[in-house]
Amino acid sequence: MPEKSFERRPILDPIVADLLAGMEQKQAEAQLPRRQREKKIRERQKIRARRDQRATYDLPPFLRQRVKSLAEEHSVPASQLVTLALLQFFEAYDQGQVDLSELKQPSRSPRYDWNLVFPDKWIKPEERKRSKKA
């Protein structure tokens, strides 16, 4: 029977590991030429400035594909297309043209009281089948 060696392995807390990685990255960037450092700083600032404009939502795959296809067809950013759709939805909602109560069904989630269930006529049968498989 081979002899087991009991070595003590250092355990690094994930937060400490992230901190060390950040410090290493800063040291590596400090070695870059001035122009490249300034460029990295500008890129980070752009990313931070865009954070307030970003949102993440779960959408069925067929809907994401439809947005992507329409955006490509008209050569516009997908985010602007979705912004248009949401603005029109809110306008219709504010004018009483949309009644969410017709779409509500009780939710089993402790976080939400209701789920919205969409009519079949809004979702083409072949798209509904694809979204259930995914």
Selection count, the stretch 27-38, where residues are surrounded by 10 or more Cβ atoms within 10 Å (Cβ to Cβ) and part of a helix (DSSP H, G or I):
4
Please verify whether Ala21 is surrounded by 10 or more Cβ atoms within 10 Å (Cβ to Cβ) and in the same structural domain as Asn115 (by TED's automatic domain parsing), treating the condition exactly as stated.
no
For the stretch 40-59, which positions are modelled with pLDDT of 90 or more and either surrounded by 12 or more Cβ atoms within 10 Å (Cβ to Cβ) or of a type in the set (Gly, Ala, Ser) (or both)?
Leu59
Using the structure shown, decide if Ala92 is within 27 Å of the chain's Cα centre (by Cα), of a type in the set (A, V, I, L, M), closer than 30 Å to Ile123 by Cβ and at pLDDT 90 or above.
yes
For the stretch 103-111, indicate whether the set of residues that are in contact with an Asp or Glu (Cβ under 7 Å, 6 or more places away or on another chain) and of a type in the set (Gly, Ala, Ser) is non-empty.
yes
Have a look at Leu103, Leu32, Leu116 and point out the one that is hydrophobic (A, V, I, L, M, F, W, C), assigned by TED's automatic domain parsing to the domain that holds Gly22 and either within 30 Å of Gly22 (Cβ to Cβ) or in contact with a strand residue (DSSP E or B) (Cβ under 7 Å, 6 or more places away or on another chain) (or both).
Leu32
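The values are calculated or read from the model by the stated rules, or taken from the named source; none is laboratory data. Fair warning: this is a prediction, and the values are worked out from it, not measured in the lab. Cβ coordinates were reconstructed from backbone atoms using ideal geometry, including for glycine residues, and neighbour counts include every protein chain displayed.
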